[in-house]
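Okay, structure first, notes after.
Values quoted throughout were computed directly from the atomic coordinates according to the rules given, and no laboratory measurement underlies them. All of these numbers come straight from a predicted model, not from anything done at the bench. When we count neighbours, we look across all protein chains shown, and the Cβ atoms used for this are built from the backbone with ideal geometry, even at glycine.
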């Protein structure tokens, strides 16, 4: 029998391989290709701290903590497969990095290191930079055999220093302060040539200044980086609140078990051996030799130095004409539903809506869920403003949003200080839904309840690069159920049921299965049938098996899945009616759409939930039906553009998911096509509004 599933970790690494494909694509602008190297590195760091560590934990505990969709594969076998796959990717990564540096030089951008810096202007610049700013922030730890090694921060990286004093080798660690200073120093331009230097190379150049108290004969420094298990250990004690538990456990994360070390392959054997022993790195950890530079995730923030010719052209976000024709947002949403589609639509529209709610005297209540926000967030500012204006504001703030816990702890305290009622999640569940509810005094011709449902975080940074949807609605049957979700947050011991929304963990799984079965019945009856889903991840075995059943019955299934993809399409006997692609391009595909043909009466949802066990069973997620026919049409046509992409679409398969879809149809790059589609739609709506206004003026 054909293989039926792909392990989710292996599938995730295949997604990261698709990121590397963007680096190889000569049609992608050069600085964007460099940043894709940063994205790959950032993804791999998160993979080791989250996904790899969960498999490792299962081995160390000698129990099947890790749930593998591939029956019979041991955790040790999976770890070996992961390490082999990463090794191949890392070799490709290193070669691509060298290739990109060569191309940068062809475009007059040069990396300078501590060995080849020779221009007087550059030496003067880094000397002044080191002496006036950098030297005060460098942590230097002398490593003694008798003393415990320093606590190595997760994700940070260090320089391992070896110096020989009177024939005795001694060791030290330098903490490279990239949390304070930019990773890349832009050196003075010389003619048409532009120059960049890694922060650690400035430190290397000044090793003699740092260690001048020692009378050494020899000194060298090599980079190392440690990734730790990111799992938070939360106490079961009833003595502390969730806020206190998360704040306390964040301290523990900094000392979490190391799961991976990457070191400069030029490091001396005795230095490496000493460090591994000092930092308690054992056989279960992934120990990788790498190049001179680590934490290449910082390439995502590589300075463009004004070289916009080497970047993607920035799009001008659209301000929807259908919103502008109304005096206020509340009038607009009372009249009709509106869909914001980021980053194509301007995120400032949503922020203006919140600010309007914060100062409108008739608004009495605002409720919102928060998962990830900026360090300084306009959403949070609007909520504190509303609370200070006397409105009853409730924020359900998920403290366990991985890697954002510290920021959310900070915001939890700030909101409380401003008078906001803060609910820190639900015991045993993560609140991953992005919803809001606003209650307003009765006014003639106006709704009294408003709501929104979003697929993405309310984060002004990510909305520039993540595709997401936000529905603004006053339809009472939806808004009342949104408010019902908030009642669950306040009293989660009560049983809740929903008629219109799909809410996890109560019913999303059951309803998705019900809808799939309905498509099977419709197909048997000869009625229009079909299942279309756009997701970040698909790994839930029960849902996959249901899709296989539908395919076996002849139901056509089309999937756009960016990341983890455990289903194998196109296999004779169980998935020959399933087509599936992944799109990796300029923007990160993050929106989720469920579209069922439903005998010709298309049923469309937007959602925050992927088809993963955690999203269906261990998180509070919300999927919202779309009733507005124009919005439904927009979502269906944008799905079609995504699915028919023949430039950036890769075909999911059993082996690699790296094959590009090719056909004889006209070139279609979906992200560019969707922006143009929305632009034309908006222009058409503007013309209709203007025409209507002209007719009214004439009368």
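Distance from the Cα centroid of region 380-443 to that of region 12-80 is 33 Å (rounded to whole angstrom).
As a calculated quantity, the FRET efficiency between residue 111 and residue 165 at R0 = 45 Å, using C-beta atoms, amounts to about 0.90. Distance between the pseudo-spin-label points of residue 525 and residue 133 (7 Å out from Cα toward the beta carbon): 6.9 nm.
Shape class of region 8-310 from the Cα gyration tensor (axes a ≥ b ≥ c, square roots of the eigenvalues): oblate, since a/c reaches 1.5 or more and a/b does not exceed b/c. The angle between the Cα long axis of helix 508-524 and the longest principal axis of the Cα atoms of the chain comes to about 60 degrees, rounded to the nearest 10. With R₀ set to 22 Å, the beta-carbon distance separating residue 181 from residue 209 gives a calculated FRET efficiency near 0.85. In terms of its alpha-carbon gyration tensor, region 556-617 comes out rounded; the largest-to-smallest axis ratio a/c stays below the 1.5 threshold. Each of 689, 219 has some number of other Cβ atoms within 10 Å of its Cβ, and from fewest to most they run 689, 219. Neighbour counts of other Cβ atoms within 10 Å put 309, 269, 360 in the fewest-to-most order 269, 309, 360.
The stretch between residue 24 and residue 492 holds 163.5 nm of extra length on full extension. This uses 0.36 nm per residue minus the Cα-Cα distance. For the pair residue 70 and residue 406, what calculated FRET efficiency results from E = 1/(1 + (r/R0)^6), where r is the Cβ-Cβ distance and R0 = 45 Å, to the nearest 0.05? Computed FRET efficiency for residue 406 and residue 70: 0.80. Report summary: the helix-based calculation at 222 nm, which adds -39500 (n - 2.57) for every DSSP H run with n ≥ 4 and divides by the residues of the chain, gives -12000 deg cm²/dmol.
Inter-label distance, residue 693 to residue 348: 1.9 nm, where each label sits 7 Å from its Cα along the C-beta direction.
Taking 0.36 nm per residue of separation and subtracting the Cα-Cα distance, what length does fully extending residue 683 through residue 654 add?
Additional length available on full extension: 6.1 nm.
Label zone (residue 269, point 7 Å along Cα-to-C-beta; backbone nitrogen cut-off 17 Å) within region 165-183: 169. Using only the alpha-carbon atoms, how far is helix 269-278 inclined from the longest principal axis of the chain? Give it as 0 to 90 degrees, nearest 10. So the helix axis and the longest Cα principal axis differ by about 60 degrees. Among beta bridges identified by DSSP and lying wholly in the chain, the antiparallel ones come to about 70 percent. The mean sequence distance of close C-alpha pairs (under 8 Å, at least 6 residues apart), as a share of the length of region 121-230, puts its relative contact order at 34 percent. Calculated from the structure, Kirkwood radius over Cα pairs in Å equals which of [x] 27.8; [y] 37.8; [z] 27.1? Recomputing Kirkwood radius over Cα pairs in Å here gives the entry labelled [x]. Residue order for 624, 118, fewest other beta carbons within 10 angstrom first, comes to 118, 624. Axis angle, to the nearest 10 degrees, between helix 30-46 and the longest C-alpha principal axis of the chain: 90 degrees.
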